[in-house]
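The values are calculated or read from the model by the stated rules, or taken from the named source; none is laboratory data. Keep in mind that this is a model prediction, so the values were computed, not measured. Here Cβ is always computed from backbone atoms with ideal geometry, including for glycine, and neighbour counts include all displayed protein chains. With ligands, DNA and RNA removed, areas are computed over all heavy atoms of the protein, side chains included. Shrake-Rupley method; radii C 1.70, N 1.55, O 1.52, S 1.80 Å.
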Amino acid sequence: MHELSISQSIAKTVLEKASEQEAKNILSVEIEIGELTFLNPEQVEFWLEEILKKTPAKDAKIQIRKIHSQLKCRDCQWQGKINTKDDPLYHTYFFTSHCPQCGSSSLKIRKGKECLVRKIRISR
Amino acid sequence: MKSIKAKEGEIFDIELEEDLLKRNEELAEKNKHLLDKNKVKAIDIMGSVGSGKTSLIKNLIVRLKKKRCLGVIAGDLTTTIDAERIKEEKVEVVQVNTGKECHLDANLIARALKEFDLRNLDILFIENVGNLICPAEFPLGSHKRIVVVSLTEGPWMVTKHPYIFREADLVVINKIDLARAMKVSVESITKDVHRIRPELKTICTNCLTGEGIEEIIKFLSL
Ligand SMILES: Nc1nc2c(ncn2[C@@H]2O[C@H](COP(=O)(O)OP(=O)(O)OP(=O)(O)O)[C@@H](O)[C@H]2O)c(=O)[nH]1
Ligand SMILES: [Mg+2]
Ligand SMILES: [Zn+2]
């Protein structure tokens, strides 16, 4: 839903880190997006390519990897991935939010809510 | 940050651990800290476009302004309509225009907080941008988060947007005066909320008459 602003932050991070290292060109950018965020990787990629057009990262290969969710029940200690329902309206996953073992709604999200810039490959 | 030094013309990798959503969470924690230090209680009000967020804030202000020092951050895409409406109640309002953005974030709130004299503030209401999806992903540093759903949004709103209810401390079911016209029942909306989180508190309101507002004040100890 907010792919544009997140992409702007990603681009800012990438360009800052690359310039700190006196990069001439940025060859690739590796990003990880949690499946429980409201970020559609395809849209992030689209915006990033747009934003980076007139920068040293204009030819960078953008790789986005999805991070699967990992949840833990605060009540019965169940751990695992949640049943997700792919909602075509938002291109994202809404999880049913209940523990499949005890039915509790007190689930802790351990993984799946991140939006990480992992690696930048540069040349000098 | 790890980096491998290289000679001229060489290619190398910069490894990072830069989580952009985490960064918002960290900023939110800072905001909360600043509010706590000044003993300000901040309430984030989320909900769809037109659900009654500004009306709710106005109702709360009318009942609280005699005994509390109040401030409002009004988030809106581009207009100042809501800020003007709140100013009628003679409380301090800071308008935050998000431009094309679909939510407020902790950074915008940090900037808005600078506009207030926090030492002289008891309660800060933050009206988030009308949207049931994005605000859930961006904590602001508030102490309580309210979701306003109104009966005019139809019977499926809660079921379609479960995520925001996971982040809420209170659900206000507004425009109960229109239940019959809309053929939407308070009971079914309440049931939908409790299917997501059985313990989540719901309060029914009519912001035109002020029904339910006292209950909110009591529940949030305002
Ligand atoms: N009938 C009825 N109308 C209401 C009630 N609460 C609010 N309204 C009306 O609903 C309309 C929208 O209310 P607002 O308070 O501006 O809603 P909002 O959520 O702040 O809207 P945005 O900021 O534009 O997203 C106004 O005309 C209000 O008078 C209610 O309980 N009953
Ligand atoms: Mg409003
Ligand atoms: Zn469980």
Residue among B:144, B:218, B:160, B:191 that alone is within 18 Å of the chain's Cα centre (by Cα) and either surrounded by fewer than 22 Cβ atoms within 10 Å (Cβ to Cβ) or among the charged types (D, E, K, R) (or both): B:144
Give me a count of the residues in the range B:30-58 that are open to solvent by less than 50 Å² (accessible area, probe 1.4 Å), away from ligand 1 (no atom under 16 Å from the Cβ) and closer than 26 Å to residue A:9 by Cβ. 3
Residues to consider are B:53, B:66, B:144, B:87; find the one that is touching a strand residue (DSSP E or B) at 6+ places or on another chain (Cβ under 6 Å) and free of Cβ contacts under 8 Å to residues at least 12 places away in the same chain. B:87
Considering only residues of the range A:105-124 that are within 18 Å of the chain's Cα centre (by Cα) and part of a loop (DSSP other than H, G, I, E, B), which is farthest from the other protein chains (Cβ to nearest Cβ)? A:112
Of the conditions (1) under 18 Å from residue B:62 (Cα atoms); (2) among the acidic types (Asp, Glu); (3) in contact with a helix residue (DSSP H, G or I) (Cβ under 9 Å, 6 or more places away or on another chain), residue B:177 fails just one. Which one is it? (1)
What's the total number of residues in the range B:41-56 that are within 11 Å of ligand 2 (Cβ to nearest atom) and charged (D, E, K, R)? 1
On the given criteria, is residue B:171 over 19 Å from residue B:21 (Cβ atoms) and within 16 Å of ligand 2 (Cβ to nearest atom)? no
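Could you please let me know if residue B:27 is more than 26 Å from residue A:28 (Cβ to Cβ), modelled with pLDDT under 95, crowded, with 18+ Cβ neighbours inside 10 Å and of a type outside the set (Phe, Trp, Tyr)? Walk me through how you get there before you give the answer.
On the way: more than 26 Å from residue A:28 (Cβ to Cβ): yes; modelled with pLDDT under 95: yes; crowded, with 18+ Cβ neighbours inside 10 Å: yes; of a type outside the set (Phe, Trp, Tyr): yes.
Here the answer is yes, as residue B:27 does meet what is asked.
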Need pairs with beta-carbon distance below 6 Å; first residue of a type in the set (Ser, Thr, Tyr) and within the range A:2-16, second in a helix (DSSP H, G or I); sequence gap 6+ or separate chains. A:7/A:44; A:7/A:47; A:7/A:48; A:7/A:51; A:9/B:20
Checking residue B:146 against (1) within 14 Å of chain A (Cβ to nearest Cβ); (2) under 24 Å from residue B:63 (Cα atoms); (3) aliphatic (A, V, I, L, M): exactly one of these is not met. Which one? (1)
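How about the range B:1-91: which strands (runs of 3 or more DSSP E) wholly inside it have at least 1 residues that are more than 14 Å from chain A (Cβ to nearest Cβ)? Outline the logic, then answer.
Working: elements: B:11-19, B:41-47, B:70-76.
Answer list for the range B:1-91: B:41-47, B:70-76.
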Could you tell me which of the residues A:36, A:4 is buried (at least 21 other Cβ atoms within 10 Å of the Cβ), within 9 Å of chain B (Cβ to nearest Cβ) and either under 9 Å from the mean Cα position of the chain (by Cα) or closer than 21 Å to residue B:105 by Cα (or both)? A:36
What are the residue pairs meeting all of these: first residue in the range B:174-198, first residue over 9 Å from residue B:150 (Cα atoms) and within 14 Å of chain A (Cβ to nearest Cβ), second residue open to solvent by 60 Å² or more (accessible area, probe 1.4 Å) and part of a helix (DSSP H, G or I), Cβ atoms under 8 Å, and 6 or more apart or on different chains? B:192/B:159; B:195/B:159
Among the residues in the range A:18-26, are any closer than 20 Å to residue A:68 by Cβ and open to solvent by 30 Å² or more (accessible area, probe 1.4 Å)? no
(1) in contact with a strand residue (DSSP E or B) (Cβ under 9 Å, 6 or more places away or on another chain); (2) open to solvent by less than 60 Å² (accessible area, probe 1.4 Å) all hold for residue B:111 apart from (2)
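Quick check, is residue B:61 under 15 Å from residue B:125 (Cα atoms) and surrounded by 24 or more Cβ atoms within 10 Å (Cβ to Cβ)?
Details: under 15 Å from residue B:125 (Cα atoms): yes; surrounded by 24 or more Cβ atoms within 10 Å (Cβ to Cβ): no.
No.
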